[in-house]
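S.K.: Below you will find the structure I want to go over with you.
Derivation of every value follows stated rules applied to the coordinates shown; laboratory data play no part. What you see is a predicted model, and the numbers here were worked out from it, not measured in a lab. Please note: Cβ atoms are built from the backbone with ideal geometry, for glycine as well, and neighbour counts cover all protein chains shown.
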Amino acid sequence: PFSIAIFASGTGSNAQKIIEHFHNHPSIRVALVVSNKATAGVLDKAVAAGIPTLLIEKERFFRGDGFVPELTTHGIDFIVLAGFLWKVPPSLIQAYPSRMINIHPALLPKYGGKGMYGNFVHEAVIAAGEKESGITIHYVDEQYDHGGTIFQATCPVFPEDTPETLANRIHALEHQHFPAVIESVILSKLVKNQPS
Ligand code: GAR
C-alpha cells in the first residue's frame with residue numbers, strides 16, 4: 001500500500017481522524033506517526049491504533065539528511081503535517097517533492113508564518129476583527145505556511161468568540177475535510193503514476 005507518515009506535535013485530533021479514515025483502506029495506510037514531543041497526546045493515539053511511532057530529537061531532525069533514511073526504511077511515500085511545529089528542513093522537502101502537505105488553521109496567506117500556530121492564530125484573527133476564518137491545506141515548501149494551496153474552507157467568526165471557541169469551530173472544519181483531501185491528493189498521484 002501507499003504509506004503515509006503523520007507528523008504532529010500536539011494532541012493529535014487531526015491525526016486520529018486521519019488514522020480512522022484510512023483504517024482498512026484498500027490502497028493507502030498510515031504507516032508511521034512522528035512526533036518531536038515525548039508527551040504529545042498524538043503518540044498515545046497512534047499506539048492505541050497499533051501504528052508505529054517515532055520520537056525525533058532536534059539534533060537528528062535538522063542534521064543533513066539525517067531523518068530521510070528512517071522514513072525510507074519505513075517505506076514512507078507521503079508526509080502529512082497535522083499540527084507539527086518544527087520547520088521542515090530542505091533535505092526532507094527535497095526528498096518528498098509534492099508529497100508533503102500541511103494544514104493551517106486560518107485562511108492563508110493571512111495569519112501564517114513563524115509563531116502563527118494553534119491559538120495564537122485565532123487570537124490574531126479575533127484581534128483583527130475578521131468576520132471569517134477557516135482552514136488551508138497546502139503543499140509544504142521551504143517557507144513557513146507558504147506552498148501551493150490545495151483546499152480552503154471557511155467558517156464565521158462571531159463577535160463573542162474567544163480563541164477557544166474559534167479553535168473548536170476550526171477543529172471541526174479540519175476533521176470534516178482533512179482526511180478526504182489527503183485521500184484525493186494521493187489518489188490523483190496514484191492514477192497519474194499508472195503505466196498507460
Ligand atoms: C490544528 O488546528 C492545526 O491546524 C494546527 O495545529 C492544530 C493541531 O491540532 N496547525 C498549525 O497551527 C500549524 N501552523 P490537533 O493536534 O488536535 O490535530
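S.K.: For region 60-196, give the magnitude of the charge dipole about the Cα centre (Cβ charges: +1 Lys/Arg, -1 Asp/Glu; no others), in debye to the nearest 20.
M.R.: So the dipole magnitude of region 60-196 works out to roughly 400 debye.
S.K.: Ratio to report: Rg/Rh of region 20-172, with Cα atoms as the point set and Rh obtained by the Kirkwood method; give two decimals.
M.R.: Numbers: Rg = 16.5 Å, Rh = 16.9 Å.
So for region 20-172, dividing Rg by the Kirkwood Rh gives 0.98.
S.K.: While we're looking at this one, here's another question. May I ask you to list, by number, the DSSP H helices of the chain whose Cα span along the axis is at least 20 Å and whose average Kyte-Doolittle hydropathy reaches -1.0 or more?
M.R.: Helices passing the filter in the chain: 163-192.
S.K.: Now a separate question. Might you report the magnitude of the Cβ-based charge dipole of region 130-187 about its Cα centre, with Lys and Arg at +1 and Asp and Glu at -1, to the nearest 20 debye?
M.R.: Dipole magnitude for region 130-187 comes out near 180 debye.
S.K.: Report the calculated FRET efficiency for Gln176 and Gln94 (r = Cβ-Cβ distance, R0 = 45 Å), to the nearest 0.05.
M.R.: Step by step, r from the Cβ atoms, then E = 0.90.
S.K.: Consider a paramagnetic label point 7 Å from the Cα of Arg60 along Cα→Cβ; state which residues of region 28-42 have an amide N under 17 Å from it.
M.R.: 32-40
S.K.: Got a sec to turn the phi values of region 82-99 into Karplus ³J(HN,Hα) couplings, 6.51 cos²θ - 1.76 cosθ + 1.60 with θ = phi - 60°, whole Hz, x for Gly and Pro?
M.R.: Running phi through 6.51 cos²θ - 1.76 cosθ + 1.60 with θ = phi - 60° gives 10, x, 9, 9, 9, 6, 7, x, x, 4, 6, 5, 5, 6, 10, x, 6, 10 Hz.
S.K.: Quick query: amide H of Val30 versus all other amide H atoms, modeled in the peptide plane; which residues come in under 5 Å with a sequence gap of 5 or more or a different chain?
M.R.: For Val30, whose amide H was placed from the backbone, the distant partners under 5 Å are Ile4.
S.K.: Just to be sure I understand the model, the point goes 7 Å from the Cα along the line to the Cβ. What's the resulting Leu85 to Asp44 distance in nm?
M.R.: 1.7
S.K.: Let me ask you something else. Could you order the peptides 75-84, 20-29 from most to least packed, using the average number of other C-beta atoms within 10 Å per residue?
M.R.: 75-84, 20-29
S.K.: Grab the chain and count how many Lys pairs have their alpha-carbon atoms under 12 Å apart, sequence gap of 8 or more, or different chains.
M.R.: 4
S.K.: Order these peptides, 182-192, 6-16, by their mean beta-carbon neighbour count within 10 angstrom, highest first. Let's see the in-between values first.
M.R.: On the way: 182-192: 14.5, 6-16: 22.9.
Order by mean packing, descending: 6-16, 182-192.
S.K.: With contacts defined as alpha carbon pairs under 8 Å and 6 or more residues apart, what's the relative contact order of the chain in percent?
M.R.: It rounds to 18 percent for the chain.
S.K.: Given H placed on each backbone N at 1.01 Å, which residues far from Met100 in sequence or on other chains put an amide H within less than 5 Å of it?
M.R.: For Met100, whose amide H was placed from the backbone, the distant partners under 5 Å are Ile79, Val140.
S.K.: If I take R0 = 22 Å and measure r between the Cβ atoms of Lys37 and Val68 in this structure, what FRET efficiency does the formula 1/(1 + (r/R0)^6) give, to the nearest 0.05?
M.R.: 0.60
S.K.: In debye to the nearest 20, how big a dipole does region 11-132 give about its Cα centre with +1 on each Lys and Arg Cβ and -1 on each Asp and Glu Cβ?
M.R.: On the way: 12 positive and 10 negative charges, 24 e Å.
Roughly 120 debye for region 11-132.
S.K.: I'd like the antiparallel share, as a percent to the nearest 5, of DSSP beta bridges with both residues in the chain. Could the numbers behind the result be given before it?
M.R.: Working: 11 of 27 bridges.
The antiparallel proportion sits near 40 percent.
S.K.: Next question. Could the peptides 101-112, 143-154, 57-68 be put in order, highest first, of the mean number of other beta-carbon atoms found within 10 Å of their residues? Spell out each step's value before the answer.
M.R.: On the way: 101-112: 21.4, 143-154: 15.3, 57-68: 13.2.
For the peptides 101-112, 143-154, 57-68, the packing ranking is 101-112, 143-154, 57-68.
S.K.: How big is the equivalent ellipsoid of region 23-94 along its three axes, where each semi-axis is √(5λ) from the Cα gyration tensor, reported in whole Å from largest to smallest? Write down the numbers at each step before the final one.
M.R.: Numbers: eigenvalues 85, 51, 21 Å².
Calculated on Cα positions only, the semi-axes equal 21, 16, 10 Å.
S.K.: Note down the Stokes-Einstein diffusion coefficient of region 59-112 in µm²/s, whole number, using a Kirkwood radius over alpha carbon pairs, 37 °C, and 0.692 mPa s.
M.R.: The calculation lands on 266 µm²/s.
S.K.: If you build a Gaussian network model of the chain, linking Cα atoms that sit under 10 Å apart, which residue out of Lys17, Lys45, Lys114 swings the most?
M.R.: Comparing Lys17, Lys45, Lys114 in a Gaussian network model of the chain, the most mobile one is Lys114.
S.K.: Next question, about the same structure. Given H placed 1.01 Å from N in the peptide plane, which residues other than close sequence neighbours of Gly12 have an amide H under 5 Å from its amide H?
M.R.: So Gly12 has HN proximity to Val42.
S.K.: Dipole of region 7-166 (Lys/Arg Cβ +1, Asp/Glu Cβ -1, origin at the Cα centre): which of Phe84, Asn36, His104 lies farthest to the positive side?
M.R.: Asn36
S.K.: Would you list Val33, Val181 from fewest to most Cβ contacts within 10 Å?
M.R.: In increasing order of surrounding Cβ atoms, one gets Val181, Val33.
S.K.: Follow-up. Quickly work out the Asn24-to-Thr154 label distance, labels modelled 7 Å from Cα along the C-beta direction, and quote it in nm with one decimal.
M.R.: Result for the modelled spin labels: 3.8 nm.
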